[in-house]
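The values are calculated or read from the model by the stated rules, or taken from the named source; none is laboratory data. Predicted model, so just to flag it, every value in this text is computed and none were measured. Note: ideal-geometry Cβ built from the backbone for every residue, glycine included; neighbour counts use all protein chains shown.
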Amino acid sequence: MKPRSLATALFMLAVVIPGAARADDQPLEVQVVDALNKAFGVHPGFRANHAKGIVTEGTFKPLPAAASLSKAAIFSGAAIPITVRFSDSTGIPNLPDGADAANPHGMAIKFHLSDGNETDMVINSLKFFVVATGEDFRDLFLAIADSPPGAAKPTKLDAFVAAHPAVAAASATVGTPDSYADEAYFGVNAFIFVNKAGKRQAVRYQVLPNRVVHISPADAAKRAPDFLSSDLTQRLKRGPVTFHLKVQVAGTGDPTRDPTKPWPDTRGIVDLGVITIARVVTNSDEAQKQLLFLPTALTDGIEASDDPLIALRGGAYPVSFSRRNP
Ligand code: HEM
């Protein structure tokens, strides 16, 4: 057995047999899922994060400008079928949609390519991210777990937030939307578009609605627990909901490694095309269990940047998937 396959076998053993290795010996992608489970509890069948959601389907129709930035097949002209899951934050499956902790809301898009392959975008309503490394992501959720209501002040979370200014700054960019359809979603991590001539361009995704509507915390607290999924179901009975998929284009020197650092608002935005959400899928609760959206499921013409969170997410989501589909 080659060393690499031995390492892989040991990794699989440690994942499959709980307690087979000490927590701090586990790969970071396992440690982050453990931290999410510790903060939110283990809820069999549900995601470790963004546990509550609704699955829809529709199409993406690219605009010609997209093909000049990337040779990806999703930008080649024809409308492409998509599956889109909207979600609340946290691993708590029955969290009220209006709870503050349900922010940031998530949007996960799976493009179904004509050759049978898939490519995904997994984005949320934070304009930039709360942490820049996987270790900090893990430690944030461990601090949340160690700071229950009534914990002595300053709590572990207070200390983490004081030492990581991006947590408060990024959290200030979200608000509870009146609808999943009236929210803007941001890719946060940088990806590299490669066009037919081989030109490489760093970009960050934005999925923008026709209008953003945020409601006050007092209003959010009065809404029904499932108001976001009920609203979307009702809206889609009346007609489709649309968004524009855009990218913010990096300028020289803009950081691609650090998702806590927004690029200047003056950077160019390119409209890549229109996302049309047509309907909620039949039996959304069952469908979401089988679905795995991966920030690393990329098609030729779209590549990960040097942001280390992308590969970590690509490892952590399957760990969560294997726990919710044992
Ligand atoms: C170190 C960074 C991160 C880690 C470790 C992490 C971890 C996770 C995990 C374990 C899940 C559950 C996956 C599943 O069971 O399928 C998840 C879901 C999700 N995450 Fe992250 N995440 C990170 C950063 C982000 C960022 C930067 C965004 C958005 C910009 C994001 C948006 C989402 C969304 C939308 C979902 C739900 C996906 C779905 O609908 O299936 N996450 N995350």
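Does residue 53 qualify as being surrounded by fewer than 18 Cβ atoms within 10 Å (Cβ to Cβ) and either under 19 Å from residue 325 (Cβ atoms) or modelled with pLDDT under 95 (or both)?
Considered against the rule, which asks whether it is surrounded by fewer than 18 Cβ atoms within 10 Å (Cβ to Cβ) and either under 19 Å from residue 325 (Cβ atoms) or modelled with pLDDT under 95 (or both), residue 53 comes out as no.
Can you tell me how many residues within the range 285-317 are farther than 14 Å from residue 108 by Cα and touching a residue at least 40 places away in the same chain (Cβ under 8 Å)?
Result for the range 285-317: 15.
Please work out which one of (1) surrounded by fewer than 14 Cβ atoms within 10 Å (Cβ to Cβ); (2) part of a loop (DSSP other than H, G, I, E, B); (3) in contact (Cβ under 8 Å) with a residue 24 or more places away in the chain is the condition residue 264 fails and give its number.
Every condition holds for residue 264 apart from (3).
Being surrounded by fewer than 17 Cβ atoms within 10 Å (Cβ to Cβ) and of a type in the set (Gly, Ala, Ser) is the filter here, so list the residues in the range 158-183 that pass it.
159, 162, 163, 168, 169, 171, 172, listed by residue number.
Just name the residue that is surrounded by the fewest Cβ atoms within 10 Å (Cβ to Cβ) out of those in the range 250-261 that are without any contact (Cβ under 8 Å) to a residue 60 or more places away in the chain and either part of a strand (DSSP E or B) or small (Gly, Ala, Ser) (or both).
This residue is 253.
Give the residue, chosen from 119, 90, 155, that is within 15 Å of the ligand (Cβ to nearest atom), surrounded by 17 or more Cβ atoms within 10 Å (Cβ to Cβ), of a type in the set (Ser, Thr, Tyr) and farther than 26 Å from residue 214 by Cβ.
Only one candidate qualifies: 119.
Tally the residues that are under 20 Å from the mean Cα position of the chain (by Cα) and away from the ligand (no atom under 12 Å from the Cβ), restricting the search to the range 259-272.
Residues that pass the stated criteria total 4.
Can you tell me which residue is nearest to residue 199 (Cα to Cα) among those in the range 56-98 that are charged (D, E, K, R) and assigned to a strand (DSSP E or B)?
61
So, in the range 297-326, exactly how many residues are within 12 Å of the ligand (Cβ to nearest atom) and closer than 30 Å to residue 201 by Cα?
13
Out of the residues in the range 22-68 meeting the condition of being more than 15 Å from the ligand (Cβ to nearest atom), more than 21 Å from residue 82 (Cα to Cα) and without any contact (Cβ under 8 Å) to a residue 24 or more places away in the chain, tell me which one is farthest from the chain's Cα centre (by Cα).
The residue in question is 22.
Would the range 281-290 turn up any residue that is under 27 Å from residue 248 (Cβ atoms) and either part of a helix (DSSP H, G or I) or at pLDDT 95 or above (or both)?
no
Determine, yes or no, whether residue 95 is within 26 Å of residue 214 (Cβ to Cβ), among the hydrophobic types (A, V, I, L, M, F, W, C) and either surrounded by fewer than 23 Cβ atoms within 10 Å (Cβ to Cβ) or away from the ligand (no atom under 15 Å from the Cβ) (or both).
yes
When the range 268-312 is examined, which residues are found to be charged (D, E, K, R) and under 14 Å from residue 190 (Cα atoms)?
303, 306, 307
Please go through the range 71-87 and give me each residue that is touching a Lys or Arg at 6+ places or on another chain (Cβ under 7 Å), more than 16 Å from the ligand (Cβ to nearest atom) and hydrophobic (A, V, I, L, M, F, W, C), ordered by number.
Selection gives 79 alone.
Let me confirm something: among 172, 184, 168, which residue is under 22 Å from the mean Cα position of the chain (by Cα) and either closer than 18 Å to residue 248 by Cβ or within 15 Å of the ligand (Cβ to nearest atom) (or both)?
After applying the criteria, what remains is 184.
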